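Colleague: First the structure, which I've put down as structure tokens, then a few questions once you've had a look.
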Ligand code: ADP
Ligand code: ADP
Ligand code: ZN
């Protein structure tokens, strides 16, 4: 099963993608996590990506597409995957389709997690992300068992630099301009599945599993 998660920053794509990956035994591939790992390891890619990410801008398509196509060709992705944070532009979606069609494959579902802009600021200001494994928590909606500590790996939780309110506003406008058009793109392909992302995390997951079967 090949699944794409769509939705604004903070809509809950990562939270749901993690659960989908576990339930269907497919890898969770997050381009944001890949970039953050590169930043942490101070790679050339990380250094380039950081300048865009810190400003709330998208990393240029040419730095993203090959990376993802290469990741999808790895052994663990042969039975499918859940893509979180990619594609984010029409050219990325087209490049993905081209790469898949070479293997006579295509995306099965584009799950659009809908959350109004007004709720996003609360989600982002309360998000706490694991500095090691990328798990995300929320101070109110999904607190870790011990404050500031990741349940999964025990590492420290941090407020992402780009989750500060000034940058969130920029990311939202970038989302509306560059990523939201993908909803029409996948509607045209007949694979869009809309989910109300304002419900609790378990309800959102139930709605998704009803769709995926
Ligand atoms: P969120 O989970 O809040 O939606 P991500 O972790 O997916 O954020 O992405 C963080 C940042 O990484 C984005 O703001 C952008 O700068 C960069 N990024 C991630 N995926 C992509 C992509 N597919 N194309 C361009 N930039 C990306
Ligand atoms: P995205 O990957 O779309 O940027 P996340 O999955 O990281 O979003 O979720 C953003 C923040 O909102 C996190 O702090 C997360 O714990 C919280 N969150 C996710 N889903 C819900 C939900 N259904 N209700 C309330 N808070 C949520
Ligand atoms: Zn962790």
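Colleague: Mean-square fluctuation check for the chain, GNM, Cα pairs under 10 Å: which of 200, 134, 80 is largest?
Modeller: Fluctuation is largest for 200.
Colleague: What is the distance in Å between the Cα centres of region 17-41 and region 87-165?
Modeller: Computed from Cα coordinates, the inter-centre distance equals 9 Å.
Colleague: Next question. Have a look at the DSSP beta bridges in the chain and tell me what percent are antiparallel, nearest 5.
Modeller: Values: 7 of 23 bridges.
Counting only bridges with both partners in the chain, antiparallel ones make up about 30 percent.
Colleague: Moving on. Percentage of Cα-Cα pair distances in region 14-105 greater than 20 Å, rounded to whole percent? Could you put the intermediate results ahead of the total?
Modeller: On the way: 1608 of 4186 pairs.
Tail fraction, whole percent: 38.
Colleague: Once the Cα gyration tensor of region 106-213 is found, what semi-axes does its equivalent ellipsoid get, as square roots of 5 times the eigenvalues, in whole Å, sorted largest first? Mind dumping the intermediate values first?
Modeller: Working: eigenvalues 148, 69, 32 Å².
Values for region 106-213, descending: 27, 19, 13 Å.
Colleague: Which residue, 174, 139, 111, tops the fluctuation ranking in a GNM of the chain built on C-alpha contacts under 10 Å?
Modeller: With Cα springs under 10 Å in the chain, the top fluctuation among 174, 139, 111 is at 139.
Colleague: Let me ask something else about it. Expressed as a fraction of 2.2 N^0.38 Å, the rule-of-thumb size for a compact globular protein of N residues, what is the C-alpha radius of gyration of the chain?
Modeller: For the chain, the normalised Cα radius of gyration comes out at 0.97.
Colleague: Now for a different question. Hey, in the GNM for the chain with a 10 angstrom Cα cutoff, which one of 182, 159, 172 fluctuates hardest?
Modeller: The residue with the greatest mean-square fluctuation here is 159.
Colleague: Let me ask another. Rank the residues 15, 43 as a footprinting-exposure proxy: fewest other Cβ atoms within 10 Å of their Cβ go first.
Modeller: So the ranking, lowest neighbour count to highest, is 43, 15.
Colleague: Tell me, rounded to the nearest percent, the portion of alpha carbon pairs in region 67-132 spaced more than 14 Å apart. Each step should come with its number before you reach the end.
Modeller: On the way: 1488 of 2145 pairs.
So the pairs more than 14 Å apart make up 69 percent of the total in region 67-132.
Colleague: Moving to a separate point now. Please compute, over every Cα-Cα pair in region 173-213, the percentage with a separation greater than 17 angstrom. Can you show the working numbers first?
Modeller: Values: 393 of 820 pairs.
Cα-Cα pairs in region 173-213 separated by more than 17 Å: 48 percent.
Bear in mind that the values in this text are calculations on the coordinates, not laboratory data. Predicted model, so just to flag it, every value in this text is computed and none were measured. So basically every Cβ, Gly included, is an ideal-geometry build from the backbone, and we count neighbours across all protein chains shown.
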